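To keep things clear, I will list the structure first and then write my remarks on it.
Here, each number is a calculation from the coordinates, and none is a lab measurement. Just so we're clear, the structure is a prediction, and the values are computed from it rather than from any experiment. Here Cβ is always computed from backbone atoms with ideal geometry, including for glycine, and neighbour counts include all displayed protein chains.
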Amino acid sequence: MNYSDYKDLHKRLVDENRTTGGHTELAYLEYTQLNWQRIKRWEKQAKLTEEEIDWLKEQKASIRWVVLTEPWCGDAAPSLPLMAKIAQIHPSLELEILLRDENLELMNQFLTRGAQSIPKLIQYSGDTVYSWGPRPVGAAKLIDNYKMQHGKLDATAREQLQQWYNENKGRQIISELLVLLGRK
């Protein structure tokens, strides 16, 4: 599905108090609803610089981004709107969004440390395949350090992660995605 279709699905799930992947646990339903609000906020506040926009408009290579995600995924809320903005500006970048739990065969080819972590962006450019995700380097370091100190993720870790995203304002996501596209 494209980004608009994904948002339609996400909104419908929120309206029906459901989520994807067969999950019925209250936490998944709450994350789906929370992420709907986050996505709308990220669409409004995340900005690319004029220099980044100009660079994207100059790109000629045909690129295909396939993103594996789920509406309950907290890391997808800041990432997907930025991916969509970049795809909208880039003249030959196609963005396709797939639900992870409906595409496990593909997901299992792009594991993160053996886990089906999302969002996972897969970039196809000619014969070359790259991947990105599930989160930018700074956020990944925060989570890795938290796990080392506390042994597992909990509500405090998730709160710190969202605070990191909000303070960073999407800059590291944008930077990493532009490098993936070839910007130096």
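Below are the figures for this structure:
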{"quantity": "Where GluC sites (Glu not before Pro) in DSSP loops with at most 16 other Cβ within 10 Å are excluded, longest remaining stretch of the chain", "calculated": "26-184"}
{"quantity": "For the range 117-131, Karplus couplings with θ = phi - 60° (6.51, -1.76, 1.60), whole Hz, Gly/Pro x", "calculated": "6, 10, x, 10, 8, 10, 9, 10, 9, x, 8, 9, 10, 10, 9"}
{"quantity": "Over 12 Å [Cα-Cα, the range 43-98], rounded percent", "calculated": "68"}
{"quantity": "Phi-based couplings in Hz for the range 94-99 (Karplus 6.51, -1.76, 1.60; Gly and Pro marked x)", "calculated": "9, 10, 10, 10, 10, 7"}
{"quantity": "Within a Gaussian network of the chain (alpha carbon springs, distance under 10 Å), most fluctuating of V129, V137, V66", "calculated": "V129"}
{"quantity": "A27 versus V179: modelled label distance in nm, points set 7 Å from Cα along the beta carbon direction", "calculated": "3.1"}
{"quantity": "C-alpha long axis of helix 137-150 to longest principal axis of the chain, angle in °", "calculated": "20"}
{"quantity": "Computed log₁₀ I(q)/I(0) - Debye formula, equal Cα scatterers, no solvent, the range 113-184, q 0.19, 0.28 Å⁻¹", "calculated": "-0.86, -1.34"}
{"quantity": "Residue-by-residue Karplus 3J(HN,Hα) for the range 3-11, coefficients 6.51, -1.76, 1.60, Hz, glycine and proline x", "calculated": "5, 4, 5, 4, 5, 4, 4, 4, 4"}
{"quantity": "Selected from P119, P91, P81 as most flexible by GNM, with the chain as the system and alpha-carbon contacts under 10 Å", "calculated": "P91"}
{"quantity": "Relative contact order of the chain, defined on C-alpha pairs under 8 angstrom at six or more residues apart (%)", "calculated": "21"}
{"quantity": "Calculated FRET efficiency for the pair S4/K60, C-beta based, R₀ 35 Å, to 0.05", "calculated": "0.90"}
{"quantity": "Summed side-chain charge close to I118 - residues other than I118 whose Cβ falls under 11 Å, Lys, Arg +1, Asp, Glu -1", "calculated": "0"}
{"quantity": "Whole-Å distance, taken between Cα centres, linking the range 145-181 and the range 114-128", "calculated": "19"}
{"quantity": "Segment N108-Q88, extension gain: residue separation times 0.36 nm, minus the distance between their alpha carbons", "calculated": "4.4 nm"}
{"quantity": "Gyration tensor (Cα) of the range 16-146, equivalent ellipsoid semi-axes in angstrom", "calculated": "25, 18, 15"}
{"quantity": "Loop trypsin sites (Lys or Arg not before Pro), the range 44-151, which have at most 11 other Cβ atoms in a 10 Å radius of their Cβ (DSSP)", "calculated": "K60, R113"}
{"quantity": "Partner lysines for K40 [C-alpha distance under 19 Å; skip if fewer than 8 residues away on the same chain]", "calculated": "K7, K11, K85, K169"}
{"quantity": "Label-point separation, V129 to R171 (7 Å along Cα→Cβ), nm", "calculated": "3.5"}
{"quantity": "Where Rh is the Kirkwood radius over Cα pairs, Rg/Rh for the range 1-77", "calculated": "1.07"}
